[in-house]
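Following: one structure in structure tokens, then a few remarks.
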Amino acid sequence: MLVDGKWTTDWQPVQATDNKGGFVRQISGFRNWVTPDGSAGPTGDAGFKAESGRYHLYVALVCPWASRTLMARKLKGLDEVVSVSIVEPALTEQGWRFGSYPGADRDTLNSATYMHEIYTLADPHYTGRATVPVLWDKQRKTIVNNESADILRMFNAGFGALASGQFDLYPADLQDDIDALNDAIYTKLNNGVYRAGFATTQEAYEEAFADVFDMLDALESRLAEKGPYLFGARLTEADVRLFVTLVRFDAAYHGLFKCNLRPLADYPLLSAYLLRLLAMPGVRETVSIDHIKQGYYSIKTLNPNGIVPVGPELPGIQEVALADT
């Protein structure tokens, strides 16, 4: 991580633990918002007006938090408005790295080798982990925001007329319900798989494991009652946030993270839902099973020999296109 702008220790997956030995995630440090007129958003400072070509998104295809911003960018038609760079999938001792791995990019914008260099460009004295996603302002040469939930909502509404109106991912009449469902899914499933995978005690692991499958069971029932999406016929950000975990489940979380009670393939409605979302224009281009497996299985604390599994077979998911991401 960075301490006062200097890289000090090798990258470690566990950021902190609670008193049960459970995984605790770092809080994001940059919380400004892009808005249609440049006024301040819910947090941070004013001065980040929506303009085509001004902003750049740094992502990792292995990372679900980054991928949900990439998916929102596609759904909102912001491909020509916000440019993108993709880091390599395997985590190095200095964290995320730019390079020539298939589907990854060199950083032609800021000429960085590692993601942590982007952070110190924004703040020479930054202390913390250099995470993705990062929304970068080319004009002010700084990080706007590194919280995926914020960036997702910025892409939905912060770019105004520059974005497509086909989907409103956070409609006013559903906001309270979306927030409540997001909180439940995040705690038990999105972050629940990480709590299981990075638990340092049996108690913490079993608690997280139970949460993961309680939520999968609940979501299978919800789709039976309310489908085709989590809120019926309307696609919302809750679907985006769920999709990025589901698409990684059998490839990474089931095995490496010990969430092995049953694979996602044993949930027929969730499996159909996953394929339904993958079929939406642009969504498949945000998914790389190769990056997902290469990235997760590069975590030395969980897989010290670095062996990447050949399977599993993922019908309808395995073959993906990365062109024009």
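The values are calculated or read from the model by the stated rules, or taken from the named source; none is laboratory data. Everything numeric here is computed off the predicted structure, so don't read it as measured data. Cβ: placed from backbone, ideal geometry, glycine included. Neighbour counts: every protein chain shown. These accessible areas exclude ligands, DNA and RNA; they are computed on the full protein's heavy atoms, side chains included. Shrake-Rupley method; radii C 1.70, N 1.55, O 1.52, S 1.80 Å.
Within the range 262-292, being among the acidic types (Asp, Glu) and farther than 20 Å from Val193 by Cα holds for one residue alone: Glu285. In the condition set (1) charged (D, E, K, R); (2) touching a strand residue (DSSP E or B) at 6+ places or on another chain (Cβ under 6 Å); (3) within 29 Å of Ile299 (Cα to Cα), Asp123 is compliant with all but (2). Restricting Tyr273, Tyr229 to residues that are modelled with pLDDT of 95 or more, among the aromatic types (Phe, Trp, Tyr), open to solvent by 10 Å² or more (accessible area, probe 1.4 Å) and closer than 22 Å to Ile185 by Cβ narrows the list to Tyr229. Counting only residues that are acidic (Asp, Glu) and under 16 Å from Phe257 (Cα atoms), the range 193-229 holds 4 of them.
Taking Phe243 as the residue in question, decide whether it is at pLDDT 95 or above, assigned to a helix (DSSP H, G or I) and under 21 Å from Arg284 (Cβ atoms). The answer is yes for Phe243.
All conditions in (1) touching a residue at least 12 places away in the same chain (Cβ under 8 Å); (2) within 30 Å of Ala46 (Cβ to Cβ); (3) of a type in the set (Asp, Glu); (4) surrounded by fewer than 21 Cβ atoms within 10 Å (Cβ to Cβ) hold for Asp173, with the sole exception of (1). Of the residues making up the range 36-54, not a single one is at pLDDT 95 or above, under 16 Å from the mean Cα position of the chain (by Cα) and either in a helix (DSSP H, G or I) or among the hydrophobic types (A, V, I, L, M, F, W, C) (or both). The number of residues in the range 111-131 that are touching a helix residue (DSSP H, G or I) at 6+ places or on another chain (Cβ under 9 Å), in contact (Cβ under 8 Å) with a residue 12 or more places away in the chain and in a loop (DSSP other than H, G, I, E, B) comes to 5.
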